[in-house]
Amino acid sequence: QVQLVESGGGLVQPGGSLRLSCAASGTIFSINAMGWYRRAPGEQRELVAVTTRGGSTTYADSVKGRFTISRDNAKNTVYLQMNSLKPEDTAVYYCFADALRRVGSSSSRYWGQGTQVTVSS
C-alpha cells in the first residue's frame, strides 16, 4: 500500500505564507504526477497545482504567481509554498500522487488525509 502524509497547514493572516508538505511512503516503484487539490466549504474540489516527475508544473489561475509547487523525487515528497495568502484560499488541501507500485504496473492515484488552511485576520 501507499500512504501520503501531509503537514504544514494552519491559521495565517492575509498576506502571510505557509508551506505544505506531503510525503509518500510504502511500496513504491516510481511516482509520476504529484500535486494538490483543495476544497472550500460549499465549493467544488479545485486542482491547485501539479508537477510531473520531470519537473513540469501547472497551476490554477487563482494561485499563479503566489503558489509554488516543488518535489523531491528522492524523498517522494511534494511541497506547496503559498505566499500572499488570501481569505479565499481557505480550504482543506489534499495532496495526491500517481504511483506505480512495481515494474510494469499501471499507476494508481493515492491521496493524503487533508490539511486545513485558514486565512483570516
Net lengthening on full extension, residue 121/residue 70 (0.36 nm per residue, minus Cα-Cα): 15.6 nm
Determine the share of the stretch 15-121's accessible area contributed by carbon and sulfur atoms, expressed in whole percent, with a 1.4 angstrom probe. 45 percent
Given unit charges at Cβ for Lys, Arg (+) and Asp, Glu (-), the dipole magnitude of the chain about its Cα centre in debye, nearest 20, is 300 debye
Where the chain is the region considered: accessible area per residue in Å², 1.4 Å probe: 51 Å²
Points 7 angstrom from Cα along the Cβ direction at residue 44 and residue 1: gap in nanometres? 3.1 nm
Of the trypsin sites (Lys or Arg not before Pro) in the stretch 1-89, those whose Cβ has at most 12 other Cβ within 10 Å and which sit in DSSP loop: 45, 64
What is the mean projected area of the alpha carbon convex hull for the chain, to one decimal in square nanometres? 7.2 nm²
Working only with C-alpha atoms, what are the Rg and Dmax values of the stretch 1-68, expressed in angstrom? 13.7, 40
Among 32, 82, 17 the positive-end extreme of the charge dipole of the chain (Cβ point charges): 32
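The values are calculated or read from the model by the stated rules, or taken from the named source; none is laboratory data. Just so you know, these numbers come straight off a predicted model, no measurement behind them. Neighbour counts run over all protein chains shown; Cβ positions are idealised from the backbone, glycine included. Surface areas here come from the heavy atoms of the whole protein model, side chains and all, with no ligands, DNA or RNA. Shrake-Rupley method; radii C 1.70, N 1.55, O 1.52, S 1.80 Å.
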